[in-house]
Each structure stands twice: as structure tokens, then as C-alpha cells.
Amino acid sequence: MSSVRPKKHLGQHFLKDLTVAQRIADALTGHGNYKSLLEIGPGTGVLTQYLLEKEPECWVMDVDTESIAYLNNHFPSLEGNIIEADFLKMDFLSITNSPLGIIGNFPYNISSQIFFRILDFRNQIPEVVCMIQTEVSDRLAEPPGSRTYGILSVLLQAY
């Protein structure tokens, strides 16, 4: 059992179901011919283990120092590709100046901010695969005129 505990103030909910993790990893299409993949908030690496089987070079990023330590200890093949940083403040060019796929189990409390950040770098990010809470996905997919239709709905649907 992992010594890493989800932190409420970070909005963490660790993915535990291996079948779900495999389905998320399998949802990657590779369209956009990117050679690097960044997992946001890998936690204890439940999704990461399936990403390491994929073709693109895998990077993981987390703000949680416990998760970073766990990943360093349990995923030696990721040495040099584990980033302790805030995705919302990340300069993607520090990883690569080539296209970069994004994947993860996004924390509810910052999902919208993650999508805005992805939109800022939309020319560098050809594919995003993520698990988000139903309320967030409903809001993002709302049609015009709906009560929850907003700027993020417009931008993501256009993108």
C-alpha cells in the first residue's frame, strides 16, 4: 500500500481502478504526431504504468512532493522525466518545443484552469485525454443558451 495520501487542499482523488487507467491510456490516438506525453497529477502512478508502454516519451508532473518521491522510488525508468511543478505555471517549451500530448486524472478544483492553460498552448498540444468529474464535462459540452454555457465551453468546442 502506498504511503502517499490524497490531499484535499490539492483536490486530489487518486485513480485506483486499473481497468479505468488502462481505458484512459488506450484512449490516446497519437494524432498530431507528438513525440512526448505529459501526465498531469500522476499521484501514485496507476495511469503512468500504462503510459510507459506507449510510444511517446512519457513525462509526469505533480505539485505534491510525496507523489514525486513515490514516483522517483517506484518508476526508475522515468528518471529525469519527473517534474515537481505546477502545471498552471509550466512553460511547456522547457519539456519540448515539439507537439506534446496531455493526459491525466484532473483535480476537480482546477480542471477549468487546466483547460484554459491547455488552450494557451493549443498550437503545441494536439491531443488531450483526461478523466474529469461529470459536472465539469457537462459544463464543457453544454450547447449555446444553456445556463452553464460559458467561455470555456465556447473555446473548447471551437478548439
Read through the list (1) without any contact (Cβ under 8 Å) to a residue 60 or more places away in the chain; (2) in contact with a Lys or Arg (Cβ under 9 Å, 6 or more places away or on another chain), then give the number of the only condition that SER98 fails.
(1)
Need pairs with beta-carbon distance below 7 Å; first residue farther than 15 Å from LEU51 by Cβ and surrounded by fewer than 19 Cβ atoms within 10 Å (Cβ to Cβ) and within region 62-76, second at pLDDT 95 or above and among the aliphatic types (A, V, I, L, M); sequence gap 6+ or separate chains.
ASN72/ILE82
Subset of region 86-97, residues within 10 Å of GLY41 (Cα to Cα) and surrounded by fewer than 19 Cβ atoms within 10 Å (Cβ to Cβ), comes to ASP86
Exactly one condition in (1) of a type in the set (A, V, I, L, M, F, W, C); (2) over 26 Å from ARG122 (Cα atoms); (3) in contact (Cβ under 8 Å) with a residue 60 or more places away in the chain; (4) part of a helix (DSSP H, G or I) is false for ILE24; which is it?
(2)
For the subset of region 1-40 comprising residues that are of a type in the set (S, T, N, Q) and under 29 Å from LEU93 (Cα atoms), which member is modelled with the lowest pLDDT?
GLN12
Some residue of region 2-20 being in a strand (DSSP E or B), open to solvent by 20 Å² or more (accessible area, probe 1.4 Å) and over 16 Å from PRO126 (Cβ atoms):
no
Scan the helices (runs of 4 or more DSSP H) fully inside region 41-159 and keep the ones with 1 or more residues being under 12 Å from the mean Cα position of the chain (by Cα), under 22 Å from SER3 (Cβ atoms) and modelled with pLDDT of 90 or more.
48-51
The residue from LEU119, LEU100, LEU155 that alone is surrounded by 18 or more Cβ atoms within 10 Å (Cβ to Cβ) and among the hydrophobic types (A, V, I, L, M, F, W, C) is LEU100
Could we say that PRO107 is under 24 Å from THR29 (Cα atoms) and in contact with a Pro (Cβ under 8 Å, 6 or more places away or on another chain) here?
no
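The values are calculated or read from the model by the stated rules, or taken from the named source; none is laboratory data. From a predicted model like this one, the values you see are computed outputs, not experimental measurements. We place every Cβ from the backbone using ideal geometry, glycine too, and count neighbours over all the protein chains shown. Each accessible area value is taken on the protein alone, full model and side chains, heavy atoms only, with ligands, DNA and RNA left out. Shrake-Rupley method; radii C 1.70, N 1.55, O 1.52, S 1.80 Å.
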